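Asks: A single structure is presented below for examination.
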Amino acid sequence: MQINDDVVRSFGVGRVFKDNAARINSLDFHRSEDLLVTAGEDDSIRTYNTQSGTSSKVLFSKKYGVAHICFTHDPQSVIYASTKGTEHKIRYQTMHDNKYIRYFSGHSERVTGLCLSPKTDMFLSAAMDRQVRIWDLRSNKSEGVLDAPSQCCVAFDQQGLVMCVGSDRGVMRLYDPRQYEHGPFTTFTVPSESQSLEPISSIAFSGDGKLMVAVLAGRIHLLDAFNGTLLHTFLNGPPNFVPAMEATFSPDSQYLLSGGEDRSIAVWSVASKLQVARWSGHSGLPTALKWAPRRMLVASADTNLAMWIPNLQDLDARGIPWRR
């Protein structure tokens, strides 16, 4: 199906899952399989089949807690950060038999972000100890450490060619993953009227690698991924709105989505910079949000998980061609 304004406007809640007893703090789609995984503040790890729209498995990490969950390339394995205790380990776990494959120790304070390279076994972790660590899934020792000026977040582009470290005051540093020890190849600052001291809470690259989005203090900044030029700032909350909101691109890089303080999902056109849709249906603030890489499907979460799909009957009734 081709994504366009009419199709985006037709999206509605296809399924709602009320499995969690506390807020879902992160979610991730597998890149090649029809799977979604969520991490909850009730210490749960839940997987869902996105083809059938059904819950498939639930595990618990009661002793360690779970946050910043990511699929590995293996659809049966995940990595996640601990939320309890003082060890601040990252755990690599197989969902198939509920066993830990490896622990990654090195951070001295709480981990604030994880991301896996889309092409290799490299992954990044950021923590409140003002360090970004570079890891390989095959070894429990970090391969490198980048010092950061403050709490930060991390992201890879969709081709695995660039890694980004974002910190407070909107500072963004881009590295070549193969030569990160040489320092960033470019550094830029997201323009901000308030020059907020709040750290960047979310970074994402568009699928074509040309754009980036950074969420900072209630503002959603669309940037040129090559030179950091600010293309537009979208408002989806009051000034200095500080909950850690997540923003995401559609797979074709034509739309940008983020949750808002009114408990809805706003959808903007990247080309026109105009809001084309606003989806309502959450009972709480939808801070976790992603568009599936292989399906016309969006997942968003507060305490509940919502799966959004286009209403094809509505498109047919309005005479709007939606088939390729």
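The values are calculated or read from the model by the stated rules, or taken from the named source; none is laboratory data. Given the structure is predicted, the values throughout are model-derived calculations rather than measurements. Heads up, the Cβs are rebuilt from the backbone with ideal geometry, glycines too, and the neighbour counts pull from every protein chain shown.
Asks: Write out, first by first residue and then by second, each pair whose Cβ atoms fall under 6 Å of each other, whose residues are 6+ apart or on separate chains, and whose first residue, in segment 63-79, is under 14 Å from LEU36 (Cα atoms) while the second is assigned to a loop (DSSP other than H, G, I, E, B) and of a type in the set (D, E, K, R).
Replies: Cβ pairs passing all conditions: PRO75/GLU33.
Asks: Is it the case that segment 175-198 has a residue that's touching a residue at least 24 places away in the same chain (Cβ under 8 Å), within 22 Å of LYS290 (Cβ to Cβ), touching a His at 6+ places or on another chain (Cβ under 9 Å) and not aromatic (Phe, Trp, Tyr)?
Replies: So far as segment 175-198 goes, yes, one or more of its residues are touching a residue at least 24 places away in the same chain (Cβ under 8 Å), within 22 Å of LYS290 (Cβ to Cβ), touching a His at 6+ places or on another chain (Cβ under 9 Å) and not aromatic (Phe, Trp, Tyr).
Asks: Just one of the numbered conditions (1) closer than 18 Å to ASP42 by Cα; (2) of a type in the set (A, V, I, L, M, F, W, C); (3) surrounded by 20 or more Cβ atoms within 10 Å (Cβ to Cβ) is not true of PHE71; which one?
Replies: That leaves (1) as the condition not met.
Asks: Inspect all residues belonging to segment 4-14 and state whether any of them is part of a strand (DSSP E or B) and in contact with a Cys (Cβ under 8 Å, 6 or more places away or on another chain).
Replies: No: zero hits.
Asks: Still on this model: Does LEU231 satisfy the condition of being surrounded by fewer than 19 Cβ atoms within 10 Å (Cβ to Cβ), of a type in the set (A, V, I, L, M) and at pLDDT 90 or above?
Replies: Yes, satisfied.
Asks: Do you know which residues across segment 262-286 are out of contact with any His (no Cβ under 9 Å at 6 or more places or on another chain) and within 18 Å of ARG15 (Cα to Cα)? First the steps, then the outcome.
Replies: Going through segment 262-286, the residues out of contact with any His (no Cβ under 9 Å at 6 or more places or on another chain) turn out to be 262, 266-267, 269, 271-272, 274-286.
Answer for segment 262-286, where residues must be out of contact with any His (no Cβ under 9 Å at 6 or more places or on another chain) and within 18 Å of ARG15 (Cα to Cα): ARG278, TRP279, SER280, GLY281, HIS282, SER283, GLY284, LEU285, PRO286.
Asks: Testing GLY207 on (1) of a type outside the set (Asp, Glu); (2) touching a His at 6+ places or on another chain (Cβ under 8 Å); (3) under 19 Å from VAL270 (Cβ atoms), one condition comes back false. Which one is that?
Replies: (2) is the only condition that GLY207 fails.
Asks: Here's a follow-up. Could you go through segment 122-135 and let me know if any residue there is in contact (Cβ under 8 Å) with a residue 60 or more places away in the chain, touching a Gly at 6+ places or on another chain (Cβ under 8 Å) and surrounded by 13 or more Cβ atoms within 10 Å (Cβ to Cβ).
Replies: No, every residue in segment 122-135 fails to be in contact (Cβ under 8 Å) with a residue 60 or more places away in the chain, touching a Gly at 6+ places or on another chain (Cβ under 8 Å) and surrounded by 13 or more Cβ atoms within 10 Å (Cβ to Cβ).
Asks: Would you please list the contacts, defined by Cβ atoms under 8 Å and residues six or more apart or on different chains, that run from a residue in segment 255-268 that is at positive phi to a residue that is modelled with pLDDT of 90 or more and outside any loop (DSSP other than H, G, I, E, B)?
Replies: Listed pairs, sorted by first residue: ARG263/SER280.
Asks: Here's a follow-up. Take segment 140-170 and flag every residue that is within 19 Å of the chain's Cα centre (by Cα) and either surrounded by fewer than 18 Cβ atoms within 10 Å (Cβ to Cβ) or of a type in the set (A, V, I, L, M, F, W, C) (or both).
Replies: Once the filter is applied, which keeps residues that are within 19 Å of the chain's Cα centre (by Cα) and either surrounded by fewer than 18 Cβ atoms within 10 Å (Cβ to Cβ) or of a type in the set (A, V, I, L, M, F, W, C) (or both), segment 140-170 yields CYS152, CYS153, VAL154, ALA155, PHE156, GLN159, GLY160, LEU161, VAL162, MET163, CYS164, VAL165.
Asks: I've got another one for you. Restricting to segment 49-70, what's the tally of residues that are of a type in the set (Gly, Ala, Ser) and assigned to a loop (DSSP other than H, G, I, E, B)?
Replies: Final tally of qualifying residues: 4.
Asks: Select, from SER253, SER300, the only residue that is modelled with pLDDT of 95 or more, part of a loop (DSSP other than H, G, I, E, B) and touching a Lys or Arg at 6+ places or on another chain (Cβ under 9 Å).
Replies: Just one listed residue meets the conditions, SER253.
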